[in-house]
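Below is one structure; the comments refer to it alone.
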Amino acid sequence: MVAIAGGTYIPLYGRDSLKVTISDFNMDVYPVTNQEFIAFVKQNPKWRKSKVKKLFADESYLMNWISDTTLAEGLELNAPVTNISWFAANAYCECQGKRLPTIDEWEYAAMADEYEPDARKNETYNTYILGWYEKPKTFNNIVGSTFKNFWGVYDLHGLVWEWTSDFNSVLVSGESRKDVDKDSNLFCGSGAIGATDLMNYAAFMRYATRGSLKAKYTMKNLGFRCVKNKDDEQL
């Protein structure tokens with residue numbers, strides 16, 4: 001894990017005047033890999049594809065595995081694990097003494113490029129992100145194959161989308177999103193019409209994807225990584 005220094009930033013949802021303060025935290029350098037998740041299901045049989053409860057994962061859970069502990073031919077052990085439900089990802093992180101990042105923590109860490117903590121207004125950076133969204137099968141690329149960002153984190157953009165702890169809070173009014181906006185169109189296609197630059201368009205795609213998920217859903221290009229609070233004793 002590496003340390004992410006907290007700060008204040010303006011998320012790309014709701015009103016530009018809204019600032020969110022992020023506390024210091026630690027983040028996994030890489031997404032969780034197939035190999036790491038195989039080790040997890042060996043120790044926690046209830047999360048094997050043959051045993052997982054339908055309440056906690058849909059029918060596509062670990063669909064690219066030919067058995068409970070064996071990948072299909074052509075899949076890389078050191079590629080991000082995908083077709084993972086939120087429940088499974090959350091259980092994995094808890095087993096490691098960690099947790100899933102919040103949306104704001106993930107977005108805060110992911111706005112960094114190689115050289116600066118906030119590269120969101122860098123056209124080259126946003127072009128890279130949108131270019132990745134159009135590429136097929138990046139989920140089978142090995143971890144660490146994209147750039148190392150300002151914080152020392154790899155693959156926040158370029159391999160897979162990633163679960164967050166509060167993914168389904170995007171469209172929830174109330175304190176969890178600080179009463180940002182009750183208009184669900186903000187995060188749908190109609191909201192993207194108002195995007196004035198590549199930065200906003202990329203963010204709309206991420207928030208729209210999160211808003212379409214349920215905790216039992218799995219996707220071939222959706223993985224996860226874990227974080228820890230800074231004051232936790234052990235990295």
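The values are calculated or read from the model by the stated rules, or taken from the named source; none is laboratory data. These numbers were taken from a predicted model, which means no experiment stands behind them. FYI the Cβ positions are ideal-geometry reconstructions off the backbone, even for glycines, and counts take in every protein chain you see. Accessible surface is based on the protein model in full, side chains and every heavy atom, while ligands, DNA and RNA are left aside. Shrake-Rupley method; radii C 1.70, N 1.55, O 1.52, S 1.80 Å.
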**Prompt:** What are the residue pairs meeting all of these: first residue in the stretch 74-94, first residue without any contact (Cβ under 8 Å) to a residue 60 or more places away in the chain, second residue aliphatic (A, V, I, L, M) and in a loop (DSSP other than H, G, I, E, B), Cβ atoms under 8 Å, and 6 or more apart or on different chains?
**Reply:** A88/V52; A88/A57
**Residues located in the stretch 55-72, provided they are of a type outside the set (S, T, N, Q) and either modelled with pLDDT under 95 or closer than 17 Å to N90 by Cβ (or both)** = L55, F56, A57, D58, Y61, L62
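A quick yes/no check of all residues on (1) charged (D, E, K, R); (2) open to solvent by 40 Å² or more (accessible area, probe 1.4 Å); (3) at pLDDT below 95; (4) farther than 25 Å from T218 by Cα:
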position: S17; (1), (2), (3), (4): no, yes, yes, yes
position: S23; (1), (2), (3), (4): no, yes, no, yes
position: F40; (1), (2), (3), (4): no, no, no, no
position: K51; (1), (2), (3), (4): yes, yes, no, no
**Odd one out for K98, checked against (1) out of contact with any Cys (no Cβ under 7 Å at 6 or more places or on another chain); (2) within 30 Å of T21 (Cα to Cα)** = (1)
**Request:** Return yes when V81 is in contact with a helix residue (DSSP H, G or I) (Cβ under 7 Å, 6 or more places away or on another chain), at pLDDT 95 or above and surrounded by 15 or more Cβ atoms within 10 Å (Cβ to Cβ) and no when it is not.
**Result:** yes
